[in-house]
Amino acid sequence: MSFSLLDLSEPLLRALDELSYTTPTPVQLQAIPAIGSGRDVIAVAQTGTGKTAAFSLPLLQRLANGSRVKPNHIRALVLVPTRELAVQVAESIAAYGKYLPLKKGVVYGGVKINPQMMRLRSGVDILVATPGRLLDLFQQNAVKFLQVETLVLDEADRMLDLGFMDDISKILGLLPKRRQGLLFSATFPNAICTLAEKLLKRPVHIEVDPPNSAAISVKQWIYEVDKGKKPDLLCQLLRHNDWQQVLVFIRTRINADRLVRILANNGISALAIHGDKSQGIRAHALAAFKAKTIRILVATDIASRGIDISELSHVINLDLPKVAEDYIHRIGRTGRAGLEGVAISLVSADEVNLLSAIETLIHQQLVREVVAGFIPKQNVPLTRLMKARPKRPKKAKQV
Ligand code: AMP
């Protein structure tokens, strides 16, 4: 099956050809005709399935055939949860729409608002935005929503996790009632179901993988290790394996910086991206990682959104995420578009409950591996901890 059978226009096919996209992915096969016909769509698709092209291609095609955009107006709005994802999606849209005479824009917080206001002055056909900055721009009269024909919510589950529900509701209230709605989400919790009811009219449901299943192309295993020994184990793994690009996830910003210092002390250069870093530093770190000038990128969950590095081979979870769904987002950074990837988690005794939540979510038990020559100092094997019933608290001694 080739893209030409999906009724896409010649300028789009030319751009796809340049990007060497030959075959549509399953989500693209289903979403492109539905969106092209004007239907609302809800798609449960994991990261890395090609969902950006799935909504952008038919959207660009429809916009190219429609009316001109007025000053300060926009015709399609793509809402995303983070700055990184905003940049990533905008880059993809620019690449797909390279040969179409459409105005494309992107707005997100953490950078000066003035250049974004200037860009909006002549109107933008398709705008990618994070919710907070979009509302700021609206309050300053820099953007008007009367011409909006389509709204896309990308990584909708993540938006809710990050507490954007209020902002999204405000934005929904400002948009014209008659418009197309598209909702993309990697997971499908009840909250997404409720949001879909608010946002969409008789949507086409698309599900390319069973919800909450992790990418099959990603090999996953864990190492059981004492909490304090995790950095040592990581250094050992990085030293003894010829892994070209490794994305290391860690829960907190402080620990991300600390880990970069530990790695540096061990002669391994790495950079960190997290919410405390300026947009410039985050962009620099990401660019260095993509250009392979650094081998290790340490990221927190929020900052990791939107990281799309083709052929990223390894993801290492230095700790497990608090929310099990984030495990799917994390490992979705590798094994993209059908490529093989490896996701390794270093799990300590205090994380047994997080591990069982993840294993329940992905419907599989992760393989326990051991590293030759590494003594993890894990006193009790995790499997025993997981099976052990919680002990009754001892009665306090009466004195
Ligand atoms: P996404 O799920 O949109 O983040 O896309 C994941 C990756 O797959 C990106 O690097 C895209 O450039 C790539 N991609 C998307 N669609 C295709 C396709 N049909 N053929 C090859 N690569 C694709």
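The values are calculated or read from the model by the stated rules, or taken from the named source; none is laboratory data. A quick note: this is a predicted structure, and the numbers were derived from the prediction, not measured. Using ideal geometry, Cβ is built from the backbone for each residue, glycine included, and neighbour counts are taken over all protein chains shown. Surface accessibility is based on the protein's heavy atoms, side chains included, excluding ligands, DNA and RNA. Shrake-Rupley method; radii C 1.70, N 1.55, O 1.52, S 1.80 Å.
Can you name every residue in the stretch 62-76 that is closer than 21 Å to Ala142 by Cα and open to solvent by 40 Å² or more (accessible area, probe 1.4 Å)?
Answer for the stretch 62-76, where residues must be closer than 21 Å to Ala142 by Cα and open to solvent by 40 Å² or more (accessible area, probe 1.4 Å): Ser67, Arg68, Lys70, Pro71.
Can we say Ser20 is away from the ligand (no atom under 15 Å from the Cβ) and open to solvent by 10 Å² or more (accessible area, probe 1.4 Å)? Lay out the reasoning, then the answer.
Values: away from the ligand (no atom under 15 Å from the Cβ): no; open to solvent by 10 Å² or more (accessible area, probe 1.4 Å): yes.
No: the conditions fail for Ser20.
Could you tell me which numbered condition Ile222 fails, if it satisfies all but one of (1) in a strand (DSSP E or B); (2) open to solvent by 60 Å² or more (accessible area, probe 1.4 Å)?
Checking Ile222 against (1) in a strand (DSSP E or B); (2) open to solvent by 60 Å² or more (accessible area, probe 1.4 Å), the one that fails is (2).
Would a scan of the stretch 45-56 turn up a residue that is more than 13 Å from the ligand (Cβ to nearest atom) and not in a loop (DSSP other than H, G, I, E, B)?
Step one: list which residues in the stretch 45-56 are more than 13 Å from the ligand (Cβ to nearest atom), which gives none.
Looking for residues that are more than 13 Å from the ligand (Cβ to nearest atom) and not in a loop (DSSP other than H, G, I, E, B), one finds none in the stretch 45-56, hence no.
On the given criteria, is Val27 more than 11 Å from the ligand (Cβ to nearest atom) and either crowded, with 20+ Cβ neighbours inside 10 Å or in a helix (DSSP H, G or I) (or both)?
On the way: more than 11 Å from the ligand (Cβ to nearest atom): no; either crowded, with 20+ Cβ neighbours inside 10 Å or in a helix (DSSP H, G or I) (or both): yes.
Criteria not met by Val27.
For Ile344, work out the one condition from (1) at positive phi; (2) at pLDDT 85 or above it doesn't fulfil.
Just one mismatch for Ile344, condition (1).
Of the residues in the stretch 225-261, how many are in contact with a strand residue (DSSP E or B) (Cβ under 9 Å, 6 or more places away or on another chain), open to solvent by 40 Å² or more (accessible area, probe 1.4 Å) and at pLDDT below 90?
3
Regarding Val148, is this residue open to solvent by less than 60 Å² (accessible area, probe 1.4 Å), over 19 Å from the mean Cα position of the chain (by Cα) and farther than 21 Å from Asp301 by Cβ?
Details: open to solvent by less than 60 Å² (accessible area, probe 1.4 Å): yes; over 19 Å from the mean Cα position of the chain (by Cα): yes; farther than 21 Å from Asp301 by Cβ: yes.
Criteria met by Val148.
I need the full set of residues from the stretch 123-162 which are farther than 17 Å from Ala86 by Cβ and assigned to a loop (DSSP other than H, G, I, E, B), in order please.
Scanning the stretch 123-162 gives Gly123, Gln140, Asn141, Phe145, Leu146, Gln147, Val148, Glu149.
Restrict the check to the stretch 98-117 and report whether at least one residue is under 20 Å from Ala43 (Cβ atoms) and not assigned by TED's automatic domain parsing to the domain that holds Lys322. Before the answer, list the steps.
So in the stretch 98-117, the residues under 20 Å from Ala43 (Cβ atoms) come out as none.
No: the stretch 98-117 contains no residue that is under 20 Å from Ala43 (Cβ atoms) and not assigned by TED's automatic domain parsing to the domain that holds Lys322.
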